[in-house]
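Trainee: There's a structure below that I have some questions on.
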Amino acid sequence: MSVFKDIKTGLNQAIDHEKGKGKARVTVITIFPTEHFTREEIRSIRMAAGLTQVAFAKFMGVSIKTVEAWERGRNHPEGAACRLLSMTKKDPYFPISSGIIVTSSK
């Protein structure tokens, strides 16, 4: 089915539902709050991923100074950085399996 037909079908279903002619399909999603990490946890996540502070900073999209500040407890990651930390904590190979980091032998 084309995207246009999918949209048209969905709109027709919504109109029918509003008119009381049909049941609407409802999808419920849950988004959990971001985790907060201590300096020890951040260092542990980085070490489990086998990354230096420089490589970890590039992976996270932040400066090396930011990673140093996180690991010293001067600053704390927020938002998307916490999501990346959560995913890497759950799977230390996430930086590689996601394709963000590519390793090669020389």
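Trainee: Roughly how tilted is helix 3-18, in degrees to the nearest 10 and between 0 and 90, from the longest Cα axis of the chain?
Mentor: So the helix axis and the longest Cα principal axis differ by about 60 degrees.
Trainee: Okay, moving on. When ranked by the protection proxy of mean other Cβ atoms within 10 Å per residue, highest first, what sequence do the peptides 4-10, 62-68 form?
Mentor: Averaged packing, sorted descending, gives the order 62-68, 4-10.
Trainee: Turning to a different aspect of this structure: Of the residues 21, 58, 89, which exhibits the maximal mean-square fluctuation in a Gaussian network model of the chain defined by a 10 Å Cα contact cut-off?
Mentor: Looking only at 21, 58, 89, the largest GNM fluctuation is found for 21.
Trainee: Still on this structure: Residue separation times 0.36 nm, minus the C-alpha to C-alpha distance between residue 103 and residue 78: what's the value?
Mentor: 6.2 nm
Trainee: To continue, here is another question. Looking only at 40, 18, 78, which one moves most when the chain is put into a Gaussian network model with springs between Cα atoms under 10 Å?
Mentor: 18
Trainee: Now for a different question. If I build a Gaussian network model for the chain, linking alpha-carbon pairs within less than 10 angstrom, which residue out of 94, 32, 59 has the largest mean-square fluctuation?
Mentor: 32
Trainee: If R0 is 25 Å, what FRET efficiency do you get for residue 90 and residue 29 from their C-beta distance, rounded to 0.05?
Mentor: Efficiency, rounded to the nearest 0.05: 0.85.
Trainee: Treating the angle as unsigned and between 0 and 90°, give the value, to the nearest 10°, between the Cα long axis of helix 39-48 and the longest Cα principal axis of the chain.
Mentor: That works out to roughly 90 degrees.
Trainee: In addition: Roughly how many Å is it from the Cα centre of the stretch 33-66 to that of the stretch 5-29, as a whole number?
Mentor: Rounded to whole Å, the Cα centres lie 44 Å apart.
Quick note: the coordinates plus some simple rules give every number you see, no bench work behind them. This one's a predicted model, so the numbers in the text were calculated from it and none came from an experiment. Positions of Cβ are backbone-derived with ideal geometry, glycine not excepted, and every protein chain shown enters the neighbour counts.
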